[in-house]
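Have a look at the structure below, then the notes.
The values are calculated or read from the model by the stated rules, or taken from the named source; none is laboratory data. All values derive from a computational prediction rather than experimental measurement. Neighbour counts run over all protein chains shown; Cβ positions are idealised from the backbone, glycine included.
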Amino acid sequence: MHQKPINSGWIEVICGGMFSGKTEELLRRIRRAKIANLSTIIFKPHIDTRYSKNKIVSHNNNSMDSVIIKKTKDLFDIGNKYDVVGIDEAQFFDSHLIKMCKKLANKNTRVIVAGLDSDYRGSPFGPMPDIMCESDYLDKLTAICIKCGNPASFTQRITKQLEQVVIGETDIYEARCRNCFEPPKK
């Protein structure tokens, strides 16, 4: 794959459960684009304030300055001036994410999207299923199951909260394999 689209842009999606390295991989791809002297920008939703308000931060504490987005349409309005656009925590954006990513890719932009593909119930999360279908390149990462050590594709919530969106880390979530995952009772 080229670092910079030549005649057409594309959409790359990095998905998986919590603690699988999605943000780390997004940061790695953006760093490589910078080495290639491409103009880059990285966005995150305003809801994600876990580590930093103005940076994307991985669980390994690697970070990069980011632009906070409140309105999904701003992804295109700001991002269309760059060769490579990164989007973290994509599950928190609304359904307009797909349209904005397609518009960017159609303007010869490389769009790299990272997000949870499923929530703590094991259900599809936000616009991720649709952006995964729209992607030109798709990587599903796994973590390590905290219970047995197998590859983990699920995010286990270990608190009693029932809202779909609860921002947290290891105090609220664990990586689990299919056998160790315990979906909440309805």
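General remarks:
- Filtered residue count, region 131-152, keeping only those that are under 16 Å from the mean Cα position of the chain (by Cα) and farther than 21 Å from residue 29 by Cβ: 0
- Matching residues, region 1-36, being modelled with pLDDT under 95 and of a type in the set (S, T, N, Q): 3, 7, 8, 23
- Taken over region 159-178, the criterion of being under 17 Å from residue 20 (Cβ atoms) and either among the polar types (S, T, N, Q) or assigned to a loop (DSSP other than H, G, I, E, B) (or both) is satisfied by 168, 169, 170, 172, 177, 178.
- Residue in region 112-137 that is farthest from residue 164 (Cα to Cα), counting only those that are surrounded by fewer than 21 Cβ atoms within 10 Å (Cβ to Cβ) and out of contact with any strand residue (DSSP E or B) (no Cβ under 8 Å at 6 or more places or on another chain): 133
- Within region 72-115, the set of residues being touching a Ser or Thr at 6+ places or on another chain (Cβ under 9 Å), assigned to a loop (DSSP other than H, G, I, E, B) and among the basic types (Lys, Arg) comprises 81 only.
- Against the numbered list (1) touching a Gly at 6+ places or on another chain (Cβ under 8 Å); (2) without any contact (Cβ under 8 Å) to a residue 24 or more places away in the chain, residue 92 comes up short only at (2).
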